[in-house]
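Before any comments, here is the structure.
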Amino acid sequence: MVSPLNLLGLKKKKRTKTQGTLDTQVPLTDDQVRAAWTAASWLIDYPGDELVERLPLLERVIAGLPDRPRQGLQDLITALDTGDIIDLRSDYVETFDTRRRGCLYLTYFSNGDTRRRGMALLKIKEQYRNAGLEVSDDELPDHLTYVLEFGAGHSLVEAANILTTNRAGLELLRLHLEEQESVWHGAIDAVCATLPALQGPDIEAVQKLAAEGPEDELVGLGGYGDGSEDMPPMDMTPYATSPPPQSPAGKTFIPLDSLKGRSS
């Protein structure tokens, strides 16, 4: 039987030896995605003493990655290793804990402080529970570090779905950090490299979010206050086609030396 694709003059896309389960901007095996997500989950977290001690190990974790995402992660490792740690900690709080565009809670961008966000959070928490994980009711399960740890140690596919569902917010975060010349930009860019390339609807969603900001219904889900002055219009020309003050530092689902996790 002739394949419908052949009738259209098309060929079925074949996965190369360097392409794993996920559709990624840069060809990556599943283990490479796990390595990138494991490193990013630590590096995006608050730079406490435990993170600083693990920088040499993180450097080894990313050694086998392609230039992108490796270089962005390496740049952050170098910055954390050579910079003034007190200044870096202050910069982290200023970057991620006081600005709406620096929010690391993924569903905030796509749902704002609305009741709909509560349902999105419950869905993510249920995915964790189905994988045998428990998340405290005091912690929001959509923190980017949690999602990356979940993907690296338990289910690549489910974590990738969470990331792509909230892709507009993640891209806005990447653009914001790039605009601010933040040392954390490379880590977010590395995560984006493990996701599909942005398509038309995704770009439109980013533009809309940048122009209007997240919805605001103030239902007690840990938002960022009014913050209207913190969401000025963003320059979108590069496109050619509220967290609590305390970071969840050190709360990882998996050890760094365990990258394979369960089969996805």
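The values are calculated or read from the model by the stated rules, or taken from the named source; none is laboratory data. Keep in mind that this is a model prediction, so the values were computed, not measured. Heads up, the Cβs are rebuilt from the backbone with ideal geometry, glycines too, and the neighbour counts pull from every protein chain shown.
Points to keep in mind about this one:
- Some residue of the stretch 121-133 being assigned to a helix (DSSP H, G or I), in contact with an Asp or Glu (Cβ under 7 Å, 6 or more places away or on another chain) and polar (S, T, N, Q): yes
- Note on the stretch 23-42: among residues that are hydrophobic (A, V, I, L, M, F, W, C) and assigned to a loop (DSSP other than H, G, I, E, B), the one that is farthest from Gly64 (Cα to Cα) is Val26.
- For Val147: the one exception among (1) closer than 28 Å to Gln25 by Cβ; (2) surrounded by fewer than 23 Cβ atoms within 10 Å (Cβ to Cβ): (2)
- Pairs with Cβ under 6 Å, 6+ apart, first in the stretch 35-58 and closer than 21 Å to Tyr105 by Cβ, second among the charged types (D, E, K, R): Ser41/Glu149; Pro47/Arg89
- Count of residues meeting criterion [within 17 Å of Arg70 (Cα to Cα) and in a helix (DSSP H, G or I)] in the stretch 179-207: 9
- Identity of the residue in the stretch 96-118, more than 15 Å from the chain's Cα centre (by Cα) and either part of a loop (DSSP other than H, G, I, E, B) or modelled with pLDDT of 90 or more (or both), that ends up surrounded by the most Cβ atoms within 10 Å (Cβ to Cβ): Gly112
- Test: residue in the stretch 7-18 that is at pLDDT below 95 and part of a helix (DSSP H, G or I): yes
- Total residues in the stretch 142-194, condition aliphatic (A, V, I, L, M) and over 25 Å from Tyr128 (Cβ atoms): 3
- Candidates are the residues of the stretch 120-162 that are of a type outside the set (Val, Ile, Thr) and in contact with a Lys or Arg (Cβ under 6 Å, 6 or more places away or on another chain); the one that is nearest to Leu43 (Cα to Cα) is Ala152.
- Answer from Glu139, Glu158 - the residue that is more than 22 Å from Leu22 (Cα to Cα) and either modelled with pLDDT of 90 or more or not in a helix (DSSP H, G or I) (or both): Glu139
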